[in-house]
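Here the structure comes first, spelled out in structure tokens, and everything after it is commentary.
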Amino acid sequence: MLRLIPIFILFLTFFSFIASESMAQKENSVLKTAFQEGSFKDISRFLDDRVEISLDNDKRDYSRSQAEIVLRDFFRNNPAENFELQQEGKTADHLSYLIGTYHSLKMSYRVLIRGKIMDKTDFLIYSLGFIRQ
């Protein structure tokens with residue numbers, strides 16, 4: 001009976017890792033679709049209480065509601081044509097990033113999304129960077 005406890009713990013650890021990875025994939029998919037459609041409302045669901053937004057090296061901190069307005073204006077001025085996700089990864093246990101290219105009708109932007117995973121259930125964006133290409 002005591003031999004089963006380490007095996008049970010190993011399986012439990014493995015399945016919790018798989019669950020957190022699949023959730024990260026789901027959130028990445030939702031964010032990718034939101035950028036493809038230029039939907040600031042779908043992106044704002046993932047915003048933290050404070051968000052750093054950088055538009056062509058003009059970096060500022062915003063509250064969640066202010067960040068929504070900045071994103072709304074960005075997508076209004078740069079209507080979506082396409083978004084390509086190039087890279088995704090983790091920098092620490094609870095920190096992850098996405099790098100992609102946002103194509104608007106006017107120009108393209110390199111996008112860096114940095115977020116933190118809270119309680120293995122919520123993904124919160126704390127930084128968004130848009131660099132004109």
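The values are calculated or read from the model by the stated rules, or taken from the named source; none is laboratory data. All figures in this text were calculated on a predicted structure; none of them were measured in a lab. Note that each Cβ is placed from the backbone with ideal geometry, even for glycine, and that neighbours are counted across all protein chains shown. Each accessible area value is taken on the protein alone, full model and side chains, heavy atoms only, with ligands, DNA and RNA left out. Shrake-Rupley method; radii C 1.70, N 1.55, O 1.52, S 1.80 Å.
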- Could you check, for the range 56-67, whether at least one of its residues is buried (at least 18 other Cβ atoms within 10 Å of the Cβ) and in a helix (DSSP H, G or I)? yes
- Query: Is the range 7-26 home to any residue that is open to solvent by less than 50 Å² (accessible area, probe 1.4 Å), at pLDDT below 95 and in contact with an Asp or Glu (Cβ under 9 Å, 6 or more places away or on another chain)?
  - Reply: yes
- Considering Thr91, Thr33, which residue is open to solvent by 70 Å² or more (accessible area, probe 1.4 Å), modelled with pLDDT under 95 and of a type in the set (S, T, N, Q)? Thr91
- Search result, residues across the range 94-118 that are open to solvent by 40 Å² or more (accessible area, probe 1.4 Å) and in contact (Cβ under 8 Å) with a residue 60 or more places away in the chain: Lys116
- Residue check, Gly129 against (1) in contact (Cβ under 8 Å) with a residue 60 or more places away in the chain; (2) over 23 Å from Asn57 (Cβ atoms), all met but one. Which one? (2)
- Selected residue [in a strand (DSSP E or B), within 16 Å of Ile131 (Cα to Cα) and among the aliphatic types (A, V, I, L, M)] from Leu112, Leu71: Leu112
- Message: Pairs needed: first member in the range 33-49, in contact (Cβ under 8 Å) with a residue 12 or more places away in the chain and farther than 18 Å from His103 by Cα; second member anywhere, surrounded by fewer than 18 Cβ atoms within 10 Å (Cβ to Cβ) and of a type in the set (Phe, Trp, Tyr); C-beta distance under 8 Å; at least 6 residues apart or different chains.
- Response: Asp48/Tyr126
